[in-house]
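A.B. asks: First the structure, then my questions, so here it is.
What follows is calculated from the coordinates using simple rules that are stated; it is not laboratory data. Nothing here was measured: the structure is a model prediction, and the numbers come from that model. FYI the Cβ positions are ideal-geometry reconstructions off the backbone, even for glycines, and counts take in every protein chain you see.
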Amino acid sequence: MKTIQAFQPLVALIGLAALLIALVTVAQAVSGLAGFLVERQVVLIVWLAGLLIASVVFAWVVRRTLRRDASRSSLLVMTLTVLGLASPLALMLLQHPAH
Amino acid sequence: MSMTWRRPIAGLLILSGLLTLAYLGVSSYIAEQLVYEAPKPIVSTPANLGLRFANVTVPSRDDHINLKGWFIPGVLPDGRLTVERMIIVVHGTRTNRESPGDHLLQLTGALAHNGLGVLSFDMRGMGESPPAPLSMGNLEQRDVLGAVDFLRTGTLPIPELGRPRFIGGLGISMGAATLLLAAAREPAIQAVVSDSAFADAAPLLEREIPKRKVAVIGQIPGGLAPSALVMARILYGVDLFDARPVDSIARIAPRPLLLIHGAADDYVPISNFQQLVAAATLPATARVTTWIVPNTRHAQAFKNTGAAYVARVVTFFDAGLGVARTSTGAAA
């Protein structure tokens, strides 16, 4: 049960991403009625604000999870989560170095 | 042991999560810059070249965006006006139907003075046309298709000249890519001149994005380019991965196609031209003519060669669409 709890940060991240994309889709549909000039700004603001809130929620979920359970198995799951998050980012940045 | 590792793992987890979110945030900001640029004003008109023209509004196909354009009848050797053969002229990205950078208005005028009528318009999000996301031809092809519909069934501004019998297209840079995408779908475009088209937009953008500077961020790190393209799709519904004329160019056959490219093009490298030629000549019925213009950079072929460019293009359209007829019915 505790090991399952260790998946919470990953689940939270996926859930937040899905929620954010849904929110942006709604913002796109609503602001699109006012024209593209309004849409592009509204969508960007909603997305960036959403990312900011998501980062706070994510940090809170990580802290809470580790406070409740710091067993070896849950730490292992979280290490895998770190790798899962960091590897695509590292690969992308290493494959396309800044010019 | 667990207690020892708890803090570093929590730190790493939060750091990697925050970095991912920051990466997405910056990518989305770049995506926003990719799909929009403030339109450039139009300063000159065909009247500056001594041509009669009419301002027209051309609805795009499917999404009915009202595009602003010029309807310019061709001038026959006897001075009479004609719309028998109309050329849809398509400008490049982040410019307009005047496009001073590649002398597009002058080229438009030269075509009209050689008996070819011209419908030149601002694609969506550019010039005087309504704001819309820029999509490297993927959405803009609807604008070209709208221009075809306008010429075939729309209310033409000079009705006494009748309706065009032949429709051709000439595009420059992204306009050329857009025209190739549209011509592949629309057989009413009977002859196509493509100058400096790209074969596939995504690699071009992935290479070009890091060369650009944007407000706040400055020079864009290369690793952000692919995700910026993805973000453009998520946030604005603009699929920049789908702007691939190389996939559809073969469908233009058996209609005649003239592909022009500058030998010294460092924006859309000559490899794009080679890919397009290879794909266009695949069908047995293909009628492809090519012209690599020496010592010429991106979209500068007309600017560098002037009369030679016009002669090649007019000869190509004469062969592809037929020679214009004078008022007496004799070939001009």
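A.B. asks: How high is the relative contact order of segment A:2-94, in percent, with contacts defined as C-alpha pairs under 8 Å that are six or more residues apart?
C.D. replies: Result for segment A:2-94 is 48 percent.
A.B. asks: Which of B:Q219, B:Q141, B:Q33 ends up with the largest GNM mean-square fluctuation for chain B, with Cα atoms connected below 10 Å?
C.D. replies: Highest fluctuation among the options: B:Q219.
A.B. asks: Which cross-chain or sequence-distant (5 or more) residues have an amide H under 5 Å from the amide H of B:V238, H modelled 1.01 Å from N in plane?
C.D. replies: Residues meeting the criterion, in which the H sits 1.01 Å from N, are B:R233.
A.B. asks: Expressed as a rounded percentage, what relative contact order does chain B have, with Cα pairs under 8 Å and six or more residues apart? It would help to have the intermediate numbers written out before the result.
C.D. replies: Numbers: 698 pairs, mean separation 56.8, N = 332.
It rounds to 17 percent for chain B.
A.B. asks: Mind checking the mean number of beta-carbon atoms from other chains within 10 Å of the Cβ atoms in A:27-40?
C.D. replies: Average neighbour count from other chains, rounded to a whole number: 3.
A.B. asks: What's the ranking of A:79-90, B:291-302 by average number of surrounding C-beta atoms within 10 Å, highest first?
C.D. replies: Answer by packing, highest mean first, reads B:291-302, A:79-90.
A.B. asks: Right, here's the next one. Tilt of helix B:307-321 relative to the longest C-alpha principal axis of chain B, in degrees (0 to 90, nearest 10)?
C.D. replies: 80
A.B. asks: Quick check on packing: order B:41-48, B:102-109, B:8-15, B:21-28 by the mean number of other C-beta atoms within 10 Å, highest mean leading.
C.D. replies: On the way: B:41-48: 13.5, B:102-109: 23.1, B:8-15: 18.2, B:21-28: 20.5.
Result, highest mean first: B:102-109, B:21-28, B:8-15, B:41-48.
A.B. asks: OK, next. To check you understand DSSP bridge types, tell me what percent of the beta bridges within the protein assembly as shown (both residues inside) are antiparallel, rounded to 5.
C.D. replies: 35
A.B. asks: To check you understand DSSP bridge types, tell me what percent of the beta bridges within chain B (both residues inside) are antiparallel, rounded to 5.
C.D. replies: DSSP beta bridges in chain B are roughly 35 percent antiparallel.
A.B. asks: To make sure I understand the rule: partners must be aspartates and glutamates, Cα under 18 Å from the Cα of B:K68, and not fewer than 8 residues away in the same chain. Which ones qualify?
C.D. replies: By straight Cα distance, B:K68 reaches B:E37, B:E98, B:D122, B:E128, B:E140, B:D143, B:D149.
A.B. asks: Now a separate question. Take peptide A:79-89, look around each residue's Cβ out to 10 angstrom, count Cβ atoms belonging to other protein chains, and average those counts.
C.D. replies: The per-residue average across the peptide is 5.
A.B. asks: Would you mind checking which residues have amide H under 5 Å from B:A263's amide H? H placed 1.01 Å from N; only 5 or more apart, or other chain.
C.D. replies: Answer set, sorted by chain and number: B:V293, B:N295, B:T296.
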